[in-house]
Each structure stands twice: as C-alpha cells, then as structure tokens.
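Before any comments, here is the structure.
The values are calculated or read from the model by the stated rules, or taken from the named source; none is laboratory data. Since the model is a prediction, treat every value here as computed from it, not as a measurement. Note that we place each Cβ from the backbone using ideal geometry, even for glycine, and neighbour counts take in every protein chain shown. Protein only, heavy atoms only, side chains kept; ligands, DNA and RNA dropped before computing areas. Shrake-Rupley method; radii C 1.70, N 1.55, O 1.52, S 1.80 Å.
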Amino acid sequence: MDLRTALKQGAKLLEDGGIASPRLTAEVLLLHATGKDRSYFLAHPESELTELSWIHYGRYLHQRLKRMPTQYITKKQEFWGREFRVEPGVLIPRPETEHLIETVLAECPAAKRIVDVGVGSGAIAVTLALELNTAVVATDISADALQIARSNVEAYKAAVSLIHCDLASAIADQSMELLVSNPPYVPELDRSGIEPEVKDWEPMQALFAGADGLAIYPRLFADARRILQPGGMFMAEIGIHQMEAVSIMLAAGWTGVHFVNDLAGIPRLAVATRS
Ligand SMILES: C[S@@+](CC[C@H](N)C(=O)[O-])C[C@H]1O[C@@H](n2cnc3c(N)ncnc32)[C@H](O)[C@@H]1O
C-alpha cells in the first residue's frame, strides 16, 4: 500500500465514521505512523508503507473512530509555539489559553514569583517560566497530570516546581506577584451536550466544577488573596457566560478587575489586582 492510497482509504473510513476534518486527521495519523514529515509525504506519495507503519496506522484510525482525540493518539499538542506531551489523564491545552500568556506578557512581564494553579500538562507554567525567564511554582490535584507536567518541565529544562495539592493550599509564601490558573469551569449541567472527544476522554477533574461551573472560583480567589502580595496580580480563564458571576466574586478585596476577550469576542480571562 502506498502513502497516497493509505491516506485516501483512511480519510474515507474517518468520514464514514463521522469524524470532523477526515482528510487532515488521516494525514496527521499517517505521518505519525510512518514517522515521516509532510514534505516527504508530498514529494513521495507513491512510496510504500512498511508493514509496521500499516499496523500502527490501522490502530490509530481505529482509536480515532472511537473518538479518542488525535492529540492523545499522537501524544502531542502545540502551545505557544512549543510541543507539549499529552496523554489521557491530562487536559489537552487549548489555543484560547494562549490569551492568558499574551495578557501576562502585556500586563506583568516583570513578574518573578509566579504560581500556576491546576498545571495540567504544564503548558502555562513551562511557557511562562521560559518566556519570562523565571521560576514558577505549579500545583495540581491530579497525580497523573503532574507526571505528564514533569515530563514537559524536564523536556524544556524549565524552572517549574510541581506540588501535589488542592489549589494553592500547600503554598505558604504570601509574597507571590502573580497567580495564574485555567481551572475547571464547565457546568455539570452541560455534560450531555459536550462532544465525545472531550466528555469520554479528557479527565473530568480538569473540566467540571459543579452544576454551574463556578464551584472552584471562590476557593481559588481566597487562595489567591492569601498568597499574593498587595498589588499582586491574578489571572484566571473563565467559561462562557461566567463574567457576571465572577465580577461579583471579585468585587471585594480586588482592584482593577477586567476581562479579556478571546478571538470570538467571548470574555475568557478574569484579571484582578490584590488590593
Ligand atoms: C482546565 S485544566 C487546565 C490544565 C492546564 N493548566 C492547561 O491550561 O492546559 C484544570 C486543571 O486543574 C486541575 N485541578 C482541578 N481541581 C483542582 C484542585 N482542586 N486543585 C488543584 N488542581 C486542580 C486538574 O487536574 C487540571 O489539570
């Protein structure tokens, strides 16, 4: 079987299985199975797959048909121009979370004492440690997530220390300059409407926060107030329709509260300064 035919057959299989972007997905899986890059593929579409590549490709297509996200199959996702290892057990970093990085770089580029709550794969913590050339303390309640975060921290030799705890409970230092977080914020009530790639494969603990999705914020804000120095900044991703509820929660004890929109115009990030 040559690459061109394998791609065609794979794309058809995915299309029949109702998978979005079937051709692109088949191409990503084929490249992953063969270990070739796209330019090789374009230059040599007639080259033959080895038996082993064919077996891998078949397995990947089968996994994707079971709605496993492509990133869990290839075990990687790009974030802020770097490749992060991801596996089931950790949330796949989302492009909209790059707004948090943009906002940190724009609003507090000199921050040195930084905490990331809910580190996941380490996408935020590693990126900030490298972009700001500083140390970051990062926490997560999931041991699986911390293990994957550790592999990314080591791969990039980033100055990130990882702590297994609930929110920022294990952090005693009260002179932090910046606390960032992409906490779980999906309402449990929305569960049935969520696509299978997310609902059936990504960790529940990374997604859901009570019936209305707001359950984590009050404790997160309290922890932020405890460990940030006066004038320290807080930035957290929020879910759709949560701006109003979050502004009420940030009414006391914070100044300069504002929200940053994503590219779709949805308020995505809550920003506040500890008063
Ligand atoms: C939405 S994911 C974000 C992961 C990563 N920061 C990112 O942006 O890709 C939320 C993360 O918070 C973690 N988490 C959930 N509840 C937590 C808690 N009470 N304390 C610490 N971490 C928590 C989850 O395990 C998950 O890794």
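If I ask for residues that are under 22 Å from Leu24 (Cα atoms) and out of contact with any Ser or Thr (no Cβ under 8 Å at 6 or more places or on another chain), which ones from region 93-111 would you list? Listed by number, the residues that qualify are Arg94, Pro95, Glu96.
For Leu263, the conditions (1) open to solvent by less than 70 Å² (accessible area, probe 1.4 Å); (2) touching a residue at least 60 places away in the same chain (Cβ under 8 Å); (3) not charged (D, E, K, R) are fulfilled apart from (1).
Every residue in region 74-118 that is among the acidic types (Asp, Glu), touching a strand residue (DSSP E or B) at 6+ places or on another chain (Cβ under 7 Å) and closer than 20 Å to Ile163 by Cα, please. Within region 74-118, Asp116 is the sole residue that qualifies.
Restricting attention to region 67-95, the residues that are of a type outside the set (A, V, I, L, M), under 9 Å from the mean Cα position of the chain (by Cα) and within 20 Å of Asp140 (Cβ to Cβ) total 4.
A residue that is touching a helix residue (DSSP H, G or I) at 6+ places or on another chain (Cβ under 9 Å), among the hydrophobic types (A, V, I, L, M, F, W, C), at pLDDT 95 or above and away from the ligand (no atom under 16 Å from the Cβ) occurs somewhere in region 224-245. Cys165 satisfies every condition listed in (1) exposed (fewer than 15 other Cβ atoms within 10 Å of the Cβ); (2) more than 8 Å from the ligand (Cβ to nearest atom) except (2).
The set of residues in region 4-46 that are of a type in the set (A, V, I, L, M) and under 11 Å from Tyr57 (Cα atoms) comprises Ala6, Leu7, Ala26, Val28, Leu29, Leu30, Leu31, Ala33. Looking only at residues of region 74-102 that are open to solvent by less than 10 Å² (accessible area, probe 1.4 Å) and either basic (Lys, Arg) or assigned to a helix (DSSP H, G or I) (or both), we find that the one that is nearest to the ligand (Cβ to nearest atom) is Thr97. Considering region 137-159, and only residues there that are farther than 24 Å from Ala222 by Cβ and among the β-branched types (Val, Ile, Thr), the residue that is farthest from the ligand (Cβ to nearest atom) turns out to be Val153.
Scanning region 9-51 for residues that are assigned to a helix (DSSP H, G or I) and either loosely packed, with under 13 Cβ neighbours inside 10 Å or of a type in the set (Ser, Thr, Tyr) (or both) yields Asp16, Leu24, Thr25, Thr34, Arg38, Ser39, Tyr40, Leu42, Ala43, Glu51.
Right, Arg67: touching a residue at least 12 places away in the same chain (Cβ under 8 Å) and assigned to a loop (DSSP other than H, G, I, E, B) or not? Write out each step before concluding.
Numbers: touching a residue at least 12 places away in the same chain (Cβ under 8 Å): yes; assigned to a loop (DSSP other than H, G, I, E, B): yes.
Spelling it out, Arg67 is indeed touching a residue at least 12 places away in the same chain (Cβ under 8 Å) and assigned to a loop (DSSP other than H, G, I, E, B).
Taking the criterion of being open to solvent by 10 Å² or more (accessible area, probe 1.4 Å) and under 30 Å from Arg64 (Cα atoms), the residues of region 208-226 that qualify are Phe208, Gly210, Ala211. When Gly58 is tested against (1) open to solvent by less than 40 Å² (accessible area, probe 1.4 Å); (2) touching a residue at least 12 places away in the same chain (Cβ under 8 Å); (3) outside the structural domain of Ile194 (by TED's automatic domain parsing), only condition (2) is not met.
Out of Ile248, Ile240, report the one residue that is assigned by TED's automatic domain parsing to the domain that holds Ser169, open to solvent by 50 Å² or more (accessible area, probe 1.4 Å) and assigned to a helix (DSSP H, G or I). Answer to the check: Ile248.
Taking the listed residues Thr70, Thr139, Thr74, the one that is hydroxyl-bearing (Ser, Thr, Tyr) and farther than 15 Å from Val28 by Cα is Thr139, with no other qualifying.
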